[in-house]
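Before any comments, here is the structure.
The values are calculated or read from the model by the stated rules, or taken from the named source; none is laboratory data. All figures in this text were calculated on a predicted structure; none of them were measured in a lab. Quick reminder, even Gly has a Cβ in these numbers, built from the backbone with ideal geometry, and neighbours come from all protein chains shown.
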Amino acid sequence: MLRNGASRLALRSIRAPASRPSTGFRNTAPALQWATQFGSLASRRPVISQVAAMRPIQAAVMRRSAVTDAQKKAESRYSKEEIKPTPETVSATSSTHAMFSEVGVEEAPKKDADVLAGLNSDVATVKETFSLSEVPREAYYMGLAGTIPYLATSITTVFCAWEINHSTAGYGLLLSEKSATQLLHLIEPLQIGYGASILSFLGAIHWGLEWAGYGGYQGYKRYAIGVVAPAVAWSTIMMPIEAALITQFMGFVALYYVDIRATTMGWTPNWYRTYRFILTFIVGASIVLTLIGRGELPDHIPGSVDRAVVFKEGSEEKLSHDEEARAQKQKKKDAAATDDRDGEQKDDKSR
């Protein structure tokens, strides 16, 4: 009945006597008292001595005696201070603080996060790049004007492709399909030729810098830039239109990389790399725009190679047709002349 945990806990809370006297005998043997004392429940409980009970009091007294006079004066001063009520500072969150913050330290007010901070920074960078404040105004305006023909031919290519694709009964919005095709074939060599001229001109700038001695005289290294650029540029005029455009795009990008390296080494002014970035970006975008427009052309519009074959075959056919017409015309003339001579002979005989 007394083997559960509650009964044992209740028995432990009751302090048993040091010895259990026998009910039958008034005096118990010492050996029996010794065994009974150490075998009782009381012998198993920890007994706190009076010295141990006095240790907290002694520690408090020793700490009190170690307090200096300055600390005593400070405690006396603090005890006399009056705490002023400040109900205006009490709020629902005045007694709370962040988990990892310090109590009593005023935190800086949190500013609302600017969602568009990154976008505004990028826009400012783009504006600073395109402002070109260090570039001479003459070079800036003339360089931008030089990209207008290239950009115009690209826009015209896209317009002609749109007109050809949207022509109804042979007519588009402004031009007929035949007129748009002829205009497209006309501007193709213009764009390739003008791109070759620009690429050659950008390479020739390094010859001028070498002659002027800007950044020192570099010799063959800088002259080679002005030689390789036109060699690559003018070889594109013998390529098909798509291959020529892609080659010129790679040439402009490669020359831009060379110009950046030259600026880093001090061969060109510091503003030249930014200036070249603007020109390369416009020309590269124009080339991509042209390729997109040409990719939308219908299949029945021949390319440059196909047009050469068609022109050659058409010329031969037209030449043979002209020769046949000329031969037939000569036969008719000979037949007419023969008839005239026969008529004259008959007249003579009748006389």
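Observations
- Restricting A233, A254 to residues that are under 21 Å from Y194 (Cβ atoms), within 31 Å of the chain's Cα centre (by Cα), at pLDDT 90 or above and exposed (fewer than 15 other Cβ atoms within 10 Å of the Cβ) narrows the list to A254.
- Per-region count, segment 265-301, residues modelled with pLDDT of 90 or more, of a type in the set (S, T, N, Q) and either farther than 18 Å from G146 by Cα or not assigned by TED's automatic domain parsing to the domain that holds G216 (or both): 1
- Residue in segment 202-219 that is closer than 18 Å to C160 by Cβ and either surrounded by 17 or more Cβ atoms within 10 Å (Cβ to Cβ) or assigned by TED's automatic domain parsing to the domain that holds F281 (or both) present: no
- Filter result for G251 (out of contact with any Pro (no Cβ under 7 Å at 6 or more places or on another chain) and closer than 14 Å to G215 by Cβ): no
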